[in-house]
Amino acid sequence: MAENADATGEYTPSSADMRLVIGASSLGTVFEWYDFFVYGILAALLGSLFFPSDNPTAATLASLATFGAGFGVRPLGALLFGYFGDKIGRKYTFLVTISLMGAATALIGFLPTFASVGIWAPVMLVTLRLLQGLALGGEYGGAAIYVAEHAPEGKRGQYTSWIQLSVVGGFLLAVVMVLACRAVLSEADFNAWGWRIPFLSSLLMLAVSLYIRMQLNESPVFRAMKAAGTTSRNPIADSLREPGNIGRILVALFGVAAGLTVIYYTSQFSTLYFLQGAARIEEAEALLYMAAGAGIAAPLYVVCGWLSDRVGRKKLLLAGYAASILLLFPMFHMMADGANPALGRAMASAPVTLTLPANCDYSVFGKPKSACAKAIAFLTKRGVSYSSADGDTLSIRIGATEISGFDEGTYTSALSAAGYPTSADPAEKRPWKIIFAVAILVALSAMTYGQVAAILVEMFPARIRYTSMSVPYHIGSGYFGGFLPFITQYIVVQTGDAYSGLWYTVGVVTLALIVSAIWLPETYRKRLDEI
């Protein structure tokens, strides 16, 4: 990257420099999130390969918990790489993070399954997921700060929004790769060995990203601090000692990171699992609808970043939170109506009520043994919503039909007679409704996520910026967001209501709305050297 200086002798990025900075940071983030999303998309299949169980629901939940574990260690990665990012520089730190991420992802593609090595298979998978999480804990903060510290005044929101857009790009790339592999391979071949290809492909992506990032210079803000000798000696300790910084970290965690993250993951993973489970759509078709909706709305990330430079970050964030609370349930109902209208009609005309004895021993993690446990597992697997009631003996009411005990064949016949479909009817589908609902959910994410890099960079002083913004961001995204697929699916299984998991998102977003409205400062007009 060329060296430029203004009249004062300070380094000033040229337009070409900014294109390289944004391109390199965004491309690396695309690849890094691709690695993470591939696992999320293939969670159900990986559950059957690495967590074999007589209970398919338990295997899927175990796989989702492993997915969440990768997020769970992200705060540790934020501490580790934030320390080095504030101490030795932004550039070299995110070179290390992307190398670690790419290597861990590729190794997942080489792992033996449970059938080959037994318990060592999930142990190795969890280990690599933890390494992915550590790497991602340092990647986002580095990329966001690097772009923000190059960006001219008045364009930080617009330029850093490309980092947020690249997260969507990583998801779309993962969808395309999985669909392409499924298109050229039979289902048996994909399930046997084809699932490895998306993971192994990360080696090529890693090579490209490393080559581009090696062309970059250190950020001008960090170079100025280093020249002046004002870099932090201990960024972790200084983050705790800096006046008012603990309060800023808490606001960044509960008011920013937690809220926008659950909106984003609801728009991606909750949507995917809902379409496959409750709406009874095949995985490949569900991914196509999601890719179409996300592709339509993805440019809004940059639009919202640009808009935040003009109207302010806080106003846009609060508007996105409020809109998400109001529109979340209607959009999921629209998806269901567009995907499987027959299911909606059946639920309205013949609601299902399961009467359970007090000693029912159902567990989402174990093999169903009793009749009541088998009944719950059956309805969960079929994606049938039901209400439960207490009683002395097990019985199910499907509309006007009541059946005592549990017999899978009898339950299946009764559901079919009541109009409950085993799969979505192609003749009744309204794809535009599904795509529109997905696009609205992604647009809500854009309103809250598009300007987040600018918000977090502007909240913290430069010498402790990498550490101070990365830790709350990754605690919020790692715990509130990373475990969202597991928590929401668990709620659905426990309640029997396909929509009940959405209350988790509504609750977290409501908390974020309150915290941000009261304590989040507006900083979009401030210079980074004034913060």
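Worth a mention:
- The protection proxy used here, the mean number of other Cβ atoms lying within 10 Å of each residue, ranks peptides 382-389, 158-165 as follows, highest first: 158-165, 382-389.
- If you wrap the Cα atoms of the stretch 101-165 in a convex hull and average its projected area over all directions, you get 5.2 nm².
- Note on THR412 and VAL506: with the Förster distance fixed at 51 Å, the Cβ-Cβ geometry gives a FRET efficiency of about 0.90.
- Residues with amide H under 5 Å from that of LEU185, placed H, sequence gap 5 or more: none
- If a spin label sat at a point 7 angstrom from the Cα of LYS315 along the line to its beta carbon, the backbone N atoms of the stretch 137-171 nearer than 18 Å would be those of 154-158.
- Eligible lysines near LYS369 by straight Cα distance, threshold 28 Å, same-chain separation 8 or greater: LYS381
- Of LYS155/LYS315; LYS91/LYS226; LYS374/LYS429; LYS314/LYS526; LYS91/LYS314, those spanning more than 25 Å from alpha-carbon to alpha-carbon: LYS374/LYS429; LYS91/LYS314
- Estimated distance in nm for a label pair at VAL208 and SER388, the labels positioned 7 Å out from Cα along Cα-to-Cβ: 4.8 nm
- Label-point separation in nm, THR127 to LYS155, each point 7 Å along Cα→Cβ: 4.7 nm
- Computed from the C-beta positions of ALA227 and ALA371 and an R0 of 60 Å, the FRET efficiency is 0.20 to the nearest 0.05.
- Each Lys or Arg adds one and each Asp or Glu subtracts one; over the other residues with Cβ under 15 Å from the Cβ of VAL175, this totals -3.
- Burial ordering of ILE434, ILE197, ILE108, fewest other beta-carbon atoms within 10 Å first: ILE197, ILE108, ILE434
- From least to most packed, judged by other beta carbons within 10 angstrom and beginning with the fewest, ASP35, ASP361 follow the order ASP361, ASP35.
- Taking 15 Å as the cut-off, the amide N atoms of the stretch 295-337 that come nearer than this to a point 7 Å along the Cα-to-beta-carbon line of ARG430 belong to 330-337.
- Computed [θ] at 222 nm, helices only, for the chain once each DSSP H run of length n ≥ 4 contributes -39500 (n - 2.57): -21500 deg cm²/dmol
- Efficiency of FRET from Cβ geometry, ILE491 and TYR92, R₀ 41 Å, rounded to 0.05: 0.45
- Of the beta bridges in the stretch 343-417, as assigned by DSSP with both residues counted there, near 60 percent are antiparallel.
- Distant-in-sequence amide contacts of SER388, defined by a placed amide H-H separation under 5 Å and a gap of 5 or more residues or a different chain, comprise LEU354.
- Net charge over other residues, Cβ less than 13 angstrom from the Cβ of GLN451 (K, R count +1; D, E count -1): +3
- Cα gyration tensor shape for the stretch 343-417, rounded if a/c is under 1.5, else prolate or oblate: prolate
- Normalised by 2.2 N^0.38 Å, where N is the number of residues, the alpha-carbon radius of gyration of the stretch 71-205 equals 1.23.
- Ranked by how many other beta carbons lie within 10 Å on average, peptides 290-298, 243-251, 70-78 from highest: 70-78, 290-298, 243-251
- Dipole magnitude of the chain, debye to nearest 20 (Cβ charges: Lys/Arg +1, Asp/Glu -1, about Cα centre): 820 debye
- Between ALA103 and ALA517, residue separation times 0.36 nm minus the direct Cα-Cα distance comes to 144.9 nm.
- Ordering THR523, THR266, THR495, THR271 from the fewest to the most neighbouring beta carbons within 10 Å gives THR495, THR523, THR271, THR266.
Every read-out reported here was derived from the displayed coordinates using simple, explicitly stated rules and does not represent laboratory data. These numbers were taken from a predicted model, which means no experiment stands behind them. Using ideal geometry, Cβ is built from the backbone for each residue, glycine included, and neighbour counts are taken over all protein chains shown.
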